[in-house]
Structures are given as structure tokens and as C-alpha cells.
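Step one of this worksheet: look at the structure below.
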Amino acid sequence: MLKNLFGCIGEYKRPSLLAPLSVILEVILEVCIPLLMASLIDQGIDAGNMNRILYYGALLVVAAMASLACGALSGHFAAVASAGFAKNLRRKMFYKVQDFSFTNIDHFSTSSLVTRLTTDVTNVQNAYQMIIRIAVRAPIMLVSAFVMAHSINPRLSLVFLGVIPVLAVVLFVIIRIAHPIFLRVFQTYDKLNNVVQENVHGIRVVKSFVREDFEEEKFKEISGSIYRDFNKVEKIMAFNGPTMQACVYTCMLLISWFGAHMIVSDTLTTGGLTSMFTYIMQILMSLMMLSMIFVMIIMSRASIERINEVLEEQPDIADSQSPVMQVENGDILFDHVSFSYSKDMEKLCLRDICLHIRSGETIGIIGGTGSAKSSLVQLIPRLYDVTDGRLLVGGVDVRDYDIKALRDAVSMVLQKNELFSGSIKDNLRWGNESATDEELVHACRLAQADEFVRGFPDGYNTHIEQGGSNVSGGQKQRLCIARALLKNPKILILDDSTSAVDTHTDSLIQKAFAEEIPNVTKLIIAQRISSVQNADKILVMDGGKIAGIGTHEELLASNPIYQEVYHSQVKGESDNARS
Ligand SMILES: Nc1ncnc2c1ncn2[C@@H]1O[C@H](COP(=O)(O)OP(=O)(O)OP(=O)(O)O)[C@@H](O)[C@H]1O
Ligand SMILES: [Mg+2]
């Protein structure tokens, strides 16, 4: 599990080593200070020797300054190392997510991926910083302070040994209880992120349905559940401090008691007792730190597990060994294709589809919602892999192509499409980075977008807001079509991409396609018969199967589903015309 993480230390190995090294130096110096102090008291003050006082005083100052410098250096190195480590880890996760197929993305929710890339990485970053600094410091400090105490007075130092088993038991119990709660808290974080993200993304819908109260309630519930869990876990963690302090103060009492007796019976010096107290404080500090590290480790263990799930997710769509780099033509053959989102032959979404589309044909696809129209066409650019059967494009199985080559040849306007923040030009160039301005304009002309783009004061340089919120639904769809056209594809798929475009503009788009890109295979999913009636063939989908295929006239004569859709739409139009 940790292998993935260690790899991310990368170029930050040097500060990752220098941090613990400076900590070790710092601890050695700190542990020497009480010894110097004891000598100063015993050999200088008690003996009334001024030279010794000055000598040990100077040594004390040097040791304190040097330990301070080492402390500062270790802080610096640890910060550099942990920030660098987090940067590498985030990058590794981000790149991994870019390799995800649609199936992998279905597996994690978007909000969960966001939490994993942000909060979880920050937890691990903090834990790493602690581990290379404090996790080194605390045990070394603990052991050396104990050894020093032992060298001053072995019998007195035995008092410390009584404390350790008590602490160990308390820490063990805390970890056992806290770990599952932390795991739960992080899962609730996912939910919280989900609610916030969904709300902010769909804030207009929330407002138009006046659902603010409901959303607030949902938010309150989740954030309340995080509060309760954190409260619970903090209460358990809170036992840590008092237990530790009780142990240390008991030590102090016992040492004062026995120490005083020993001074009276001349088996311990005053300086010895003073340094004994300093060592108790050092032991207290290191125990405190150890308990903090335990908390960090419990928290980060949950995060590490979640990060690992992302890093170990296997992208289920990968390039084949010797991929075909060129798609010859836009011929498509579905050969007994079945498909299930869960790869389960019992829960098929598409069932035994056989279909041949010749290069350059225009195919309309019609069917009720959920009839698997989108699922059918998503297989062509290999957004999902077929579960059974074969799908050939240009005579070659899609799984044998280089994915980039295939997706460049098969341009698809997704049903849930997005524009990204940036200018219109930037967005269009997603289709083809090196497209000239003329090519941009040409694609926009075909998609009937040129006119309205020129109507904007900044024309093609108009800034598009995130998600395309400052253009209308129909404008956004036309820009998405233009973007897809810029790829110069062999196959163009429009998944309900003109649903928000008026019928007149829609027919202009169809006409432009027929005249200007006659050799491109075109698959057009639509709800309106008028969008597809001029197609070479129309496919009627019903419940994951092809319920009919033919020209508009053929289907109108023979296919009951098509007839029903046609009549409802024609009737709707004539009703509209009458009113
Ligand atoms: N990512 C997914 N994971 C699991 N099931 C899915 C997923 N996407 C779609 N489905 C299911 O597959 C079936 C077909 O959905 P599909 O999106 O292909 O329908 P559609 O014909 O495109 O519908 P619409 O006209 O509403 O776009 C539906 O029952 C849907 O619930
Ligand atoms: Mg669909």
C-alpha cells in the first residue's frame, strides 16, 4: 500500500533525509543541555567556582543556539519535503484520473475524487511532515532522556518505566476506537462535497424549483453528521492528554519524594535533581508528540487507503499491444454486440445488436428515453467496451486501434456536453489545436454558429464562462457541434445535439452536413422526426434492441413505434398551428 506513496517522494529525497538528520542533531544537543546545567550547578555554583560557571555558561549558550538552528533547519527541510511529496502525489493521482475510462469514472463519484485529491492528500502531507520530523524526534528524545536520567541516578529513573505500559494500553484503545470513525468521517466528506458541488452546479435549478430549504436541510444533516463523528472522535482522543499528564505528574511527585530523600542521604546532588526534572519535561514532551503522531497516523491511514484506491484502479480501456494507427474509412459494423454497464450478462443494456453502416451514410436514431441510444453510439469511439460480440470501424475491431487515433476519427458530441472557461476560439480548438481562423469559421458555418458568434461584441474572442453559462442552450449545442467538426472526423455522432436548436436552424445544419461533408458517416440521435427524416436510414431503438430500420417512408409504412412518434409530433405541430 505504501509503495505507491514512497514513489512520490521523488526528487525530494534530499530534504526528506536532511529533516530527520537535523532533528537528531537537535535532540542530541537538547539532551546535553540539562547535563551542562547540572555541572554548572554542582561544579560552579555549589563549589563557588566562577571560572567553571563561565565555562559551562558559554557551553550552554552555544548548545542552545546550535539546537535552535538545527530545529529551524529541520522545520524548513520537512516543509519542503512534505509540500513536494504532496505535489507529486496529487500529480500522480490527477494523471491517473485522466487515464480513467468512463467505467472507471462511474466507479468513483466526482465529489469523492475531489475529496481524495484535496483533503486526503493534505492529510497525508501533514502526516509525512510529522513523520520525518516529529516521529524521529519523539522516540529519540524519549530514549536519550531516559538514558541520561538513568546515568544520573539508575534507581530514580526506574520510576519512568512504570508509566510506559499504562500509556501503551490507553493509546491502543484509542486507536482501535478512532480508526473506524475517521474512515466514516471521510466517507461523509465525500457526501458533503457531493451536496455542495451538486448544489452549486445546479444552483439555477435549485432556485427555479424554490428548493433552497430542502437543500439547506440536506446540507445541515450531512455537516451535522460530520460534526457528531468528529465530536465523538475528539472526545476519545481527549483522553490522551490527561492520561499522559497524570502519568508525568505522578513521576514528578515520586521523583521529588525519592530525590529529596537521596539528597539528604547524599546519594544525589542538587544539580542531579534539577536535570532530572528537565528530563521529565522532555519525556513529557516526547510522549505528547508521540500521541499527536498516533492521531495523525490514524487519520492519514484512512486517507492513504482512499488515495490508494484511486492509484490502484485499473483503467479498463487500454491500447492494444500493436495498435492500428489509421482508421481507413467510416464503415461501422455491429456484430452481435451486447453491452452492460456492470459487465453483467444478466443486466444487459444492449442486446445482440447486428448492424452495418456504410461509410458516408447518414443514420438517424430515434427511440424513447432509456432505449439505449446513447449507450449504442458510445461504443463506437470506445468510451465503453462491448461486453459481448465485436464492433468494427473501418473494418478493424475498435479494441485494436490506438485510442487517440480512433477518437480523432470518431468525433462525438455527447448528450451531456460541456464548454470550458476560455474564449470561443480556445473552446473550438479543442477539436484541432492547429486549426486556422478560416477553419474555425468554416466549422461554425456548418454548425450554424458563425452568425451568432459574429453578433457578439468580441466575436470569436468572446469569453465563455465555466460550463458555457453565458451562452444559450442552442448556442452551446452549435458550438459543441463546430468543435466536433474541427476534428475532420470520418464518423460524426450527434447525441441529441440539436434538441435546443429551433427546427429551421436544425434543418440548415442537416443541409450543410449533406452538402459539405458528404463522405463523413453521420449518426444523428434525435427526439424530433424532422431532424432525421432525410437520413439514408433511420434506426428505431426500443428497450436496448433495434425495433426497426429503414427510410422515413418505409418506417412510416411498417413500424408502429415510428408511426406513433410521427403522428404525435405531426399532430402536436398542427395543434400548435391551429392555436
Ligand atoms: N453510466 C451508466 N451507468 C449505469 N447505467 C447507465 C449509465 N448510463 C445509462 N445507463 C442506463 O442504461 C439505459 C440506457 O440509457 P441511455 O442513456 O443509453 O438511453 P437513451 O436512449 O440515450 O436515453 P435518452 O433519450 O434519455 O438520452 C438506461 O436504463 C440507463 O439507466
Ligand atoms: Mg441518451
Find the helices (runs of 4 or more DSSP H) located wholly in the range 463-579 whose residues include 2 or more that are within 16 Å of ligand 1 (Cβ to nearest atom), and list them. 473-485, 529-532, 560-578
Does Ile424 satisfy being buried (at least 22 other Cβ atoms within 10 Å of the Cβ), away from ligand 1 (no atom under 16 Å from the Cβ) and under 30 Å from the mean Cα position of the chain (by Cα)? yes
A careful count of residues in the range 432-460 that are farther than 15 Å from Leu508 by Cα, in contact with a Leu (Cβ under 9 Å, 6 or more places away or on another chain) and open to solvent by less than 50 Å² (accessible area, probe 1.4 Å) gives 5
Among the candidates Leu419, Leu446, Leu440, Leu406, which residue alone is at negative phi and at pLDDT below 90? Leu419
Matching entry among Met1, Met93 (being in contact with a helix residue (DSSP H, G or I) (Cβ under 7 Å, 6 or more places away or on another chain) and not in a helix (DSSP H, G or I)): Met1
Could you figure out which of (1) assigned to a loop (DSSP other than H, G, I, E, B); (2) within 16 Å of ligand 2 (Cβ to nearest atom); (3) touching a strand residue (DSSP E or B) at 6+ places or on another chain (Cβ under 8 Å) isn't true of Lys416? (3)
Do we find a residue being in contact with a Phe, Trp or Tyr (Cβ under 8 Å, 6 or more places away or on another chain), away from ligand 1 (no atom under 15 Å from the Cβ), in the same structural domain as Thr521 (by TED's automatic domain parsing) and open to solvent by 30 Å² or more (accessible area, probe 1.4 Å) anywhere in the range 348-355? yes
Quick one: in the range 356-391, which of the residues that are within 20 Å of Asp316 (Cβ to Cβ) and assigned to a strand (DSSP E or B) is farthest from ligand 2 (Cβ to nearest atom)? Arg390
What is the number of the single condition among (1) within 13 Å of ligand 1 (Cβ to nearest atom); (2) closer than 21 Å to Ser499 by Cα; (3) open to solvent by less than 70 Å² (accessible area, probe 1.4 Å); (4) among the β-branched types (Val, Ile, Thr) that Thr369 does not meet? (3)
Just one of Ala512, Ala547 is in contact (Cβ under 8 Å) with a residue 60 or more places away in the chain and either open to solvent by less than 10 Å² (accessible area, probe 1.4 Å) or touching a Leu at 6+ places or on another chain (Cβ under 6 Å) (or both); which is it? Ala512
Please find, among Tyr384, Tyr341, the residue that is open to solvent by less than 30 Å² (accessible area, probe 1.4 Å) and closer than 21 Å to Leu414 by Cβ. Tyr384
Which residues, counting only those in the range 461-480, are open to solvent by less than 40 Å² (accessible area, probe 1.4 Å) and in contact with a strand residue (DSSP E or B) (Cβ under 7 Å, 6 or more places away or on another chain)? Thr462, Ile464, Val471, Cys480
Return the residue satisfying two criteria in turn: it lies in the range 426-460 and is basic (Lys, Arg) and over 11 Å from Leu486 (Cβ atoms), and of such residues it is farthest from ligand 2 (Cβ to nearest atom). Arg454
Restrict the check to the range 332-346 and report whether at least one residue is more than 9 Å from ligand 1 (Cβ to nearest atom) and among the basic types (Lys, Arg). yes
I'd like the full set of residues that are open to solvent by 50 Å² or more (accessible area, probe 1.4 Å) and either among the basic types (Lys, Arg) or in contact with a His (Cβ under 9 Å, 6 or more places away or on another chain) (or both), limited to the range 114-162. Arg133, Arg155, Leu158
Sole residue being within 16 Å of ligand 1 (Cβ to nearest atom) and in the same structural domain as Ile517 (by TED's automatic domain parsing), chosen from Tyr384, Tyr401: Tyr384
Only one of Gly389, Gly394, Gly368 that is closer than 19 Å to Gly330 by Cβ, small (Gly, Ala, Ser), in the same structural domain as Lys347 (by TED's automatic domain parsing) and more than 27 Å from the chain's Cα centre (by Cα): Gly394
So which residues in the range 175-234 are basic (Lys, Arg) and either touching a residue at least 60 places away in the same chain (Cβ under 8 Å) or open to solvent by 70 Å² or more (accessible area, probe 1.4 Å) (or both)? Arg176, Arg184, Lys191, Arg204, Lys207, Arg211, Lys220, Arg228, Lys232
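The values are calculated or read from the model by the stated rules, or taken from the named source; none is laboratory data. Here the structure is a predicted model, which is why all the values come from computation and not from measurement. Positions of Cβ are backbone-derived with ideal geometry, glycine not excepted, and every protein chain shown enters the neighbour counts. When the accessible area is computed, the model is the full protein with side chains, heavy atoms only, and any ligands, DNA or RNA have been set aside. Shrake-Rupley method; radii C 1.70, N 1.55, O 1.52, S 1.80 Å.
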